[in-house]
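J.: Sharing a structure, written as structure tokens. Questions coming.
The values are calculated or read from the model by the stated rules, or taken from the named source; none is laboratory data. These figures come from a predicted structure and were not determined experimentally. Because the Cβ atoms are built from the backbone with ideal geometry, glycine has one as well, and the counts that use them run over all protein chains shown. What goes into the accessible areas is simple: the full protein's heavy atoms, side chains included, and nothing from ligands, DNA or RNA. Shrake-Rupley method; radii C 1.70, N 1.55, O 1.52, S 1.80 Å.
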Amino acid sequence: MSEPANLPAVKEPIPETEAPPGTLWSRMKADPQYAPEHLALEAVRRLGPEAAQWAERTRLDHPGITPDELADLAVRRFTTLARISGAVSGATGLPGAVLDVGVLAWTQSRMTLHIAASYGLDPAATERASDLLVLQRVHKVAETARLALGVAAGRERASRFFTDVAGRPITGVMLKLTVRLAQMAGIRAGRRVFAKIIPGAAVILGTWVNSAATKDLAKRARERFSRA
């Protein structure tokens, strides 16, 4: 959807992009198969209230702003952040690959929750976690997403980030985590996902790849939440 010509200039109180918190990294590394579910649960807990406050403040500052205009602001902001998220870690090898796709998935989840708030839905409601997983194509339907979220919630536990878990080789754990987070972020080009593993290779997520995946997710989120 194109931005309306009369879209107001808003001083948005959205914080600058940030990586997922350290406790979430630990949970995802300890349980990489359910990394998207752990990320979705934490995003709703941590970012849902932020999205609700943003939508409320913006409506108060701009009476009459439409849901579509509000969603435009969120999409524009977080698409810009997605373009630069691949450079956040500055790390190489598997740790850099994990950080890159994790930051992108986190930024996309933040955007999706802001879009939900734009259309009057509670971004901190528990069902938003299953919405995230369906919209990000981790699961096809909400029922299976909810089941997986229940499993992940029951398995949450702390462990040191990038340390060995249950005797498994650390490289294998990180590789699985990278694949699962890349899937969540909509990055399916294998060569791009693993570019950072090879010394001297190009940056894992180019601005075009990040932007295209994020815009595609934004379109699906707007279609879903505008009909809710």
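J.: What are the residues in the range 121-141 that are open to solvent by 10 Å² or more (accessible area, probe 1.4 Å), more than 25 Å from Thr58 (Cβ to Cβ) and part of a helix (DSSP H, G or I), if any?
T.: Val134
J.: Select, from Trp54, Trp25, the only residue that is more than 21 Å from Ser211 (Cα to Cα), at pLDDT below 95 and either among the aromatic types (Phe, Trp, Tyr) or touching a Phe, Trp or Tyr at 6+ places or on another chain (Cβ under 7 Å) (or both). Show your work before the answer.
T.: Numbers: Trp54 fails: at pLDDT below 95.
Selected residue: Trp25, the only one of Trp54, Trp25 that is more than 21 Å from Ser211 (Cα to Cα), at pLDDT below 95 and either among the aromatic types (Phe, Trp, Tyr) or touching a Phe, Trp or Tyr at 6+ places or on another chain (Cβ under 7 Å) (or both).
J.: Only one of these is farther than 19 Å from Lys176 by Cα and either modelled with pLDDT under 95 or not hydrophobic (A, V, I, L, M, F, W, C) (or both): Val98, Val88, Val103. Name it.
T.: One residue alone meets the criteria, Val88.
J.: If you don't mind, there's one more thing I want to ask. Among the residues in the range 200-207, are any open to solvent by less than 70 Å² (accessible area, probe 1.4 Å), under 18 Å from the mean Cα position of the chain (by Cα), within 30 Å of Leu70 (Cβ to Cβ) and at pLDDT 65 or above?
T.: no
J.: Have a look at Val193, Val151, Val179, Val173 and point out the one that is in contact with a Ser or Thr (Cβ under 7 Å, 6 or more places away or on another chain), closer than 18 Å to Pro36 by Cα and at pLDDT below 90. Give the steps one after another, and end with the answer.
T.: Working: Val151 fails: in contact with a Ser or Thr (Cβ under 7 Å, 6 or more places away or on another chain); Val179 fails: in contact with a Ser or Thr (Cβ under 7 Å, 6 or more places away or on another chain); Val173 fails: in contact with a Ser or Thr (Cβ under 7 Å, 6 or more places away or on another chain).
Just a single option satisfies the conditions, and that option is Val193.
J.: Looking at (1) more than 24 Å from Thr178 (Cβ to Cβ); (2) modelled with pLDDT of 95 or more; (3) surrounded by fewer than 24 Cβ atoms within 10 Å (Cβ to Cβ), which is the one condition that is false for Ser118?
T.: (3)
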